[in-house]
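Please treat every number below as a calculation from the coordinates, not as lab data. Treat the numbers as computed from the prediction; the structure is a model and nothing was measured. Positions of Cβ are backbone-derived with ideal geometry, glycine not excepted, and every protein chain shown enters the neighbour counts.
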């Protein structure tokens, strides 16, 4: 009995209660003046195991470990960068363009007179500003007069959709000899698509385009008796509509070969011309952002019996052109382009407006150009 009384006395139960059979432990005494405030209750609810609601500091080991692990994981997630969001090919197609691996040189804007590929998805908009010209002394020209030209040009292109692109160019050209000067404004616009896109091997790409261009004579200045006389000519223009189709093939990691056929129809005053242009290009890419291209073009022209110019102009003629271009584009979308070309005639097959006399078909012509490229 002494042992039971001593044992229950250790739990705060009097021996008289133990003797009477009341074995339930007594409730602990709580001091009402030390009840936790609402702020303490809120912290205890958010941080379980950090404090005892009765005011005593109790830290169960298991709850403390779990709380420390949760805090460590939360801090690690705040320090680590967010995971990149990957999109499926369907998502990129919905955005309007399928992003494919960029082959060397394809990111360089194609803004020449003959265009070979559509704008890339990474930089769907591009523009270039260039100036071309040449000086030919009289010894190199079939005649007794020297010739110099200046032609500033602004070219552009934009991908409207993953299947359709739009491009164009505008220029103002000045051609002057010892006793005459011409100023001609020319504009061009084209809409292109890729019929084989998605069905062809990635190493091959095709381009189908419809192009419209015009050349208009604005000013004619003639020198007589040492004085210049200006003639503001109206209605002197040509209009050309072309349909072109071509393909570009990647024969090696650094070499691409392309070909193109461009039939066309031209109106010059009351006369018409049937045009056929066949071109091929070989481009070499020593680096992905550099391009060296060799262009060879052949022109065939079939005219009416009664041509608007001189009657000595042949009804049919063939002409050739050779050009070399170097292009570079930085990672920021800014680059340079330098090119030169030589023609067997004075723009025959390209601008019928200049076919005023038969000597223009026999006079070789050359020009060099340099300009700035922009892509974004």
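What to note about this one:
- Modelled spin-label separation between residue 304 and residue 249, with each label point placed 7 Å from Cα along the Cα-to-Cβ direction: 4.1 nm.
- Taking packing as the residue-averaged number of other Cβ atoms within 10 angstrom, the listed peptides 204-211, 226-233 run from highest to lowest as 204-211, 226-233.
- Normalised by the number of residues in region 243-376, the mean separation of alpha-carbon contacts (under 8 Å, six or more apart) gives a relative contact order of 18 percent.
- Our estimate of slack between residue 312 and residue 229, defined as 0.36 nm per intervening residue step minus the Cα-Cα distance, is 27.1 nm.
- Contact order normalised by residue count of region 104-375, Cα under 8 Å, 6+ apart, percent: 15
- Between residue 366 and residue 342, the simple label model (points 7 Å from Cα in the Cβ direction) yields a spacing of 0.5 nm.
- Label separation (residue 125 vs residue 322): 4.0 nm, computed from points 7 Å beyond Cα along the C-beta direction.
- Length gained on full extension, residue 289 to residue 236, computed as 0.36 nm times the residue gap minus the Cα-Cα distance: 14.9 nm.
- Here the extension length gained between residue 265 and residue 204 equals 19.1 nm, from 0.36 nm per residue of separation less the Cα-Cα distance.
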